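S.K.: Here it is: the structure, laid out below.
The values are calculated or read from the model by the stated rules, or taken from the named source; none is laboratory data. What you see is a predicted model, and the numbers here were worked out from it, not measured in a lab. Cβ atoms come from the backbone with ideal geometry, glycine included; neighbour counts cover every protein chain shown.
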Amino acid sequence: MAFLLPNVMRDEIPAPREFIQIEYKGTNPIAVYHALNNLFRIIWEVKGTQMNEPDFRWDITTDPRPFFIQVFIEKGMDKFTRYRVDVKLQGSQPTDPTKTGVLRIELHGWIETRFPTGNPLNKFLYPLFYWPYHVGYYNARRRRYIEWHRRRIERLADELRGILNIPSKPTP
């Protein structure tokens, strides 16, 4: 039996929950979507090329108009580690923005560290050099990255609650 070490480590944020959920019923719920790009730029310091919108559905045939929007950012932190934040918005926006609409927000993120093991030389060097490097030095740095990322996701949730005039929840 061969001695195998994992070359990919992934931590979900906000653990142990699957995602942070914000429910809203009030006027102009689509205002969150309009504020997202600016919040991503401020909180995570990303450029427009690192922001993606793979799914945008908006039905204008009914009133209120249902929508589903998925936005994410993905960026590398260093040579081995990258992070991602997913925001899903689902709700309905009345034609008149002063009428009551509904919104459900899901925030989810992860950090992934990937050590190179693509060729035979790296497969040989990984247990000899990369694993002791990870245990002795890089793990502490990675834990700081995870905490940094968790604080920013919580900040995004607080900013979104502020836009919707919902009081902030204390973190459990």
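S.K.: Taking the options Asp158, Asp78, Asp86, name whichever one is surrounded by fewer than 19 Cβ atoms within 10 Å (Cβ to Cβ), in contact with a His (Cβ under 8 Å, 6 or more places away or on another chain) and not aromatic (Phe, Trp, Tyr).
M.R.: None of the others qualify; the one that does is Asp86.
S.K.: Could you give every pair whose Cβ atoms fall below 7 Å, whose first residue belongs to the stretch 143-163 and is over 25 Å from Asn28 (Cβ atoms), and whose second residue is among the hydrophobic types (A, V, I, L, M, F, W, C) and not in a helix (DSSP H, G or I), counting only separations of at least 6 or pairs across chains?
M.R.: Tyr145/Met77; Tyr145/Ile111; Ile146/Ile13; Ile146/Ile111; His149/Ile13; His149/Ile111; Arg150/Ile13; Arg152/Trp44
S.K.: Still on this structure, please answer the following. Just to verify a result, which residue in the stretch 53-70, among those that are more than 22 Å from the chain's Cα centre (by Cα) and assigned to a strand (DSSP E or B), is surrounded by the fewest Cβ atoms within 10 Å (Cβ to Cβ)?
M.R.: Per the stated criteria, the residue is Trp58.
S.K.: A follow-up question, please. Checking the condition touching a residue at least 60 places away in the same chain (Cβ under 8 Å) and in a loop (DSSP other than H, G, I, E, B), which residue from Glu45, Glu12, Glu23, Glu18 passes?
M.R.: The match here is Glu18.
S.K.: Shifting gears a bit: Restricting the search to the stretch 30-52, which residues are surrounded by 13 or more Cβ atoms within 10 Å (Cβ to Cβ) and either touching a Phe, Trp or Tyr at 6+ places or on another chain (Cβ under 9 Å) or among the small types (Gly, Ala, Ser) (or both)?
M.R.: Ile30, Ala31, Val32, Tyr33, Ala35, Trp44, Val46, Gln50, Met51, Asn52
S.K.: Before we move on, is Arg142 charged (D, E, K, R) and either within 19 Å of Arg10 (Cα to Cα) or in contact with a Lys or Arg (Cβ under 8 Å, 6 or more places away or on another chain) (or both)?
M.R.: yes
S.K.: List the residue pairs whose Cβ atoms are under 8 Å apart, where the first residue sits in the stretch 71-82 and is part of a strand (DSSP E or B), the second is small (Gly, Ala, Ser), and the two are 6 or more positions apart or on different chains.
M.R.: Close Cβ pairs (under 8 Å, with a partner that is small (Gly, Ala, Ser)) amount to Arg82/Gly76.
S.K.: Continuing with this model, one more query. Which residues, counting only those in the stretch 59-93, are within 24 Å of Leu164 (Cα to Cα), touching a Lys or Arg at 6+ places or on another chain (Cβ under 8 Å) and modelled with pLDDT under 90?
M.R.: Listed by number, the residues that qualify are Asp59, Pro64.
S.K.: Take the conditions in a loop (DSSP other than H, G, I, E, B) and closer than 23 Å to Arg10 by Cα and apply them to Pro116. Does it pass?
M.R.: yes
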